[in-house]
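No lab work stands behind these numbers, since they all come straight from the coordinates. Since this is a predicted model, take the numbers as computed values, not measurements. Note that we place each Cβ from the backbone using ideal geometry, even for glycine, and neighbour counts take in every protein chain shown.
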Amino acid sequence: MGRLKFGVLGSGKGSNFRALLEAIVAGRLDAEAVVVLSDVPGAGILDLGRAAGVPTHGIHEPAFRTKLSPESEAEVVRALKDAGAELVVLAGYMRLVKAPLLDAFPRRVINIHPSLLPAFPGLEAWRQALEAGVPKSGCTVHFVDAGMDTGEIIAQAEVPVLAGDTPASLHARIQVEEHRLYPEVVARFASGDLR
């Protein structure tokens, strides 16, 4: 079967992508990043990809802010297929994914979200959790569907919400778990445990 080849879509600095790269170097993840795509020019995730020797591409989308046009998403699919990606990993990608990508990679697009879904989908989930006064939060890795953070849950990790937490302190604690959980889930794909 060979090493799992995965493509990455991200909009930010790419801390979860960095965690995947570190897991590969450490021998905890038998996989290879084959392409990094970002809808944000100059995003840190592109720098991370270049530094790791992974081909990078920008995604140009002039028409929409929260999704890609079908034409732009078809270009993303082409870039992923051309790179040989078998799994698509969303790492801080801030747009909804639609049919062209979902149809091209059925049950092969995953995302990590900073809450215990189904609670607190969408933006700044750690802030939503604090405002709701819940005793715990965490992160969720899930299959991506056409909704916002509504796909089938693969794995979760919990963190306590502490007295005196700020949005920044809670988010930092959640990210520690994200950086542990995401490589574990991708390793399950690589081993054939997840289909």
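Rounded if a/c is under 1.5, else prolate if a/b beats b/c, else oblate: with a ≥ b ≥ c from the C-alpha gyration tensor eigenvalues square-rooted, which is region 84-128?
In terms of gyration-tensor shape, prolate.
Which one, SER15, PRO70, VAL109, is farthest towards the positive end of the dipole of region 4-190 when Lys and Arg carry +1 and Asp and Glu -1 on their Cβ?
Towards the positive end, the residue furthest out is SER15.
What percent do you get for the relative contact order of the chain when only Cα pairs under 8 Å and 6+ apart count?
After rounding, I find 21 percent.
Give me, ordered by chain and number, the residues 5 or more places off ALA155 or on other chains with an amide H under 5 Å from its own placed amide H.
It is VAL141, by chain and number.
Largest first, please: the extent of the C-alpha atoms of region 2-74 along each principal axis, to the nearest Å.
Dimensions of region 2-74 along the principal axes of its Cα atoms: 42, 24, 18 Å.
Considering every pair of different Cα atoms, what Kirkwood radius, in Å, is found for the chain?
16.8 Å
Taking the Cα centre of region 4-190 as the origin, how large is its charge dipole in debye, to the nearest 20, when only Lys and Arg (+1) and Asp and Glu (-1) carry charge on their Cβ atoms?
The dipole magnitude comes to about 120 debye.
With axes computed from alpha carbons, what is the tilt in degrees of helix 70-83 against the longest principal axis of the chain, rounded to the nearest 10 within 0 to 90?
70 degrees
Quick one: work out the % antiparallel among DSSP beta bridges in region 4-190, nearest 5.
Restricted to region 4-190, the bridges split so that about 40 percent are antiparallel.
Once Lys and Arg get +1 and Asp and Glu get -1 on their Cβ, which of THR150, PHE6, VAL134 lies farthest toward the positive end of the dipole of the chain?
Looking along the dipole axis, the top candidate is PHE6.
Taking amide H positions as placed in the peptide plane 1.01 Å from N, state which residues far from ALA33 in sequence (5 or more) or on other chains have amide H under 5 Å from it.
PHE6
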